[in-house]
Amino acid sequence: MTRSRSFNRREFLSTAFGAAASFSILRPDHRFLRELAGTPAPFAPFQFPKEFIWGAATASYQIEGAWNEDGKGESIWDRFSHTVGKVKGGYTGDVACDSYHRYKEDVAIARQLNLKSYRFSVSWPRIQAIGSGSPNPKGLDYYKRLTDALLEAKLRPLCTLYHWDLPQALEDAGGWPNRDLAARFTDYVEIVVRALGDRISHWCIFNEPWVFTTLGYSWGTHAPARKSFADFLRASHVVNIAQGQAFRAIKAINSKLQVGTAFSVSNCEPASNSEADRQAADRAYALNNIWFVNTALKGEYPKAFPGDNPLDAMGVRSGDLELCRAPLDFLGINYYRRQLISAIPTGEGEDSTGVHHFDATEGALTDFAWEVWPDGFHDLVMRFAREYPGTPMEITENGCSYLDAPDEHGRVPDQRRIEFTRGYLSALGRAIKDGANVRGYHHWSLLDNFEWAEGYAQRFGLTFVDFRTQKRTIKDSGYWYGKLASTGQLT
Ligand code: FCB
């Protein structure tokens, strides 16, 4: 899980079941957890392979700004952030890092840090203002210029086709629960890949399908702010169909293009030793981590419900699983943290999977209160390596929010980000040594940026951004990471 749930323990306890439940049923068993976690592995130096791809990631709505320029239409994130009460502090991505105008400066920073890959996303409403119809040449031109700047700086563009900024007009037509979206999305993907496929070889279809369908349609904490588990179920199936169709559309344009998706993954550890919690943890793993992976690679939904998966409520029709199937060329892994899972009676809680999530807090916490636990990264990557042995992985996001700012000398001494990254990369090095086929790592993020419902309250960047002046200052962690990117030597 990558973000605090809207349905936290307090809210859960206020439900009928929660009020009746004894607190001890829900409390994770800490003795058991310590046994489960064991002693964290000590830091081990590692020499990454020469061809390992060092990168950083960004996303359109979080950095571009220029929300209504050059023919761009309104996205669901424009609407959400312009709605009072949705984003902390009332902030918006209207300007964000102004990267739409300053992209050359940002590419130069990536180059200065010796990076080989820059992950960015295309804003769908820049290309089709209302999500259908002929493309907006100015929108395409922006991404051509950005890509050319990257290539000139010897950076590999890794382009994500959807990082959550759906055209608002398509939400008005029903949003992702509307099956028609799969066709609309495929049309858009074809437009972008026809325009940019000559310069971009690596593509992510979606960013974190579980997060945008769950937080957007079930919990209501992200755009488009719906709170309906039924809508989530339908949206998740349409997204799975769209993923398969988009994959085939890209390959039909050029079969050599490398196509994957960036999946949000987190360890789902049972909160106690009970059989019920163990089963709940398996269900949580199925829904959170592989609901959009197994459909593509195996043509089936993993079992995520105590009974059968609710295929009718999901809108699954005969033949659909063939549409979802797509032999992705790589799995993008967005990894942030662990979560603990306990069982709750079905139908009584947040959804009908019978699981309750806790944030793990055994390790130190970042300024976003996300737990630092590098071993979890190793374990998760190894599990994926075992379950999908034929498909290489790229880490498409990993990082941490710490609020360090420039000191009186204008330097940003963010030692905690250096330690965080060193720990996670050491865990990744161990996974590679243990046989995982991981070919690259992208730090989230190149720049401090608009952190969704948190507004500007979190800073994930290797580069500090002063949002009043747009001045960029590379943090100590940026210089540290840049050195690592040039030697591959983790010491
Ligand atoms: C991920 C998102 C990314 C960023 C990080 C912190 O879930 O993909 O856009 O917000 O979390």
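Okay, residues lined up against (1) surrounded by fewer than 23 Cβ atoms within 10 Å (Cβ to Cβ); (2) hydroxyl-bearing (Ser, Thr, Tyr); (3) over 24 Å from LEU380 (Cα atoms):
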{"position": "SER236", "(1), (2), (3)": "no, yes, no"}
{"position": "ASN240", "(1), (2), (3)": "no, no, no"}
{"position": "ALA246", "(1), (2), (3)": "no, no, yes"}
{"position": "ILE250", "(1), (2), (3)": "no, no, yes"}
{"position": "SER274", "(1), (2), (3)": "yes, yes, no"}
{"position": "ASN289", "(1), (2), (3)": "no, no, no"}
{"position": "GLU300", "(1), (2), (3)": "yes, no, no"}
{"position": "PRO306", "(1), (2), (3)": "yes, no, no"}
{"position": "PRO310", "(1), (2), (3)": "yes, no, yes"}
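Listed here are the helices (runs of 4 or more DSSP H) enclosed by region 1-79 that have at least 1 residues being at pLDDT below 95 and hydrophobic (A, V, I, L, M, F, W, C): 9-13, 16-20, 23-26, 30-37.
One residue alone among ALA281, ALA252, ALA225, ALA195 is in contact with a Ser or Thr (Cβ under 8 Å, 6 or more places away or on another chain) and either at pLDDT 95 or above or among the basic types (Lys, Arg) (or both), and that residue is ALA225. Does GLU275 qualify as being farther than 28 Å from SER318 by Cα and touching a strand residue (DSSP E or B) at 6+ places or on another chain (Cβ under 7 Å)? Answer is no for this residue. Residues that are part of a loop (DSSP other than H, G, I, E, B), out of contact with any helix residue (DSSP H, G or I) (no Cβ under 9 Å at 6 or more places or on another chain), more than 15 Å from the ligand (Cβ to nearest atom) and over 19 Å from GLU269 (Cα atoms) are absent from region 375-388.
Identify all residues within region 82-91 that are on the phi < 0 side of the Ramachandran plot and touching a residue at least 60 places away in the same chain (Cβ under 8 Å); write none if there are none. If the condition is that a residue be on the phi < 0 side of the Ramachandran plot and touching a residue at least 60 places away in the same chain (Cβ under 8 Å), then THR83, LYS86, VAL87, LYS88, TYR91 are the ones that fit.
Of the helices (runs of 4 or more DSSP H) lying entirely inside region 168-243, those containing at least 1 residues that are closer than 24 Å to LYS88 by Cβ span 168-172, 209-213. Only one entry of ILE341, ILE333 meets the criterion of being within 16 Å of the ligand (Cβ to nearest atom) and β-branched (Val, Ile, Thr), and that entry is ILE333. Regarding GLY315, is this residue modelled with pLDDT under 95, more than 17 Å from the chain's Cα centre (by Cα) and more than 30 Å from THR58 (Cβ to Cβ)? Spelling it out, it is not the case that GLY315 is modelled with pLDDT under 95, more than 17 Å from the chain's Cα centre (by Cα) and more than 30 Å from THR58 (Cβ to Cβ).
Scanning region 180-209 for residues that are more than 21 Å from ASN289 (Cα to Cα) and either of a type in the set (D, E, K, R) or within 16 Å of the ligand (Cβ to nearest atom) (or both) yields ASP180, ARG184, ASP187, GLU190, ARG194, ASP198, ARG199. Here ARG278 meets the list (1) buried (at least 23 other Cβ atoms within 10 Å of the Cβ); (2) under 24 Å from TYR336 (Cα atoms) almost entirely, failing just condition (1). When residues in region 93-145 are screened for being within 24 Å of the chain's Cα centre (by Cα), of a type in the set (S, T, N, Q) and crowded, with 17+ Cβ neighbours inside 10 Å, 5 of them pass. Restricting attention to region 150-164, and to residues there that are within 16 Å of the ligand (Cβ to nearest atom) and part of a strand (DSSP E or B), which single residue is nearest to GLN112 (Cα to Cα)? Among those residues, the one meeting the criterion is LEU158.
When region 361-388 is filtered for residues that are surrounded by fewer than 22 Cβ atoms within 10 Å (Cβ to Cβ) and within 22 Å of ALA457 (Cβ to Cβ), the ones remaining, listed by number, are THR361, GLY363, ALA364, LEU365, THR366, ASP367, PHE368, ALA369, GLU371, VAL372.
The values are calculated or read from the model by the stated rules, or taken from the named source; none is laboratory data. The structure displayed is predicted, hence computed values, not measured ones. Neighbour counts run over all protein chains shown; Cβ positions are idealised from the backbone, glycine included.
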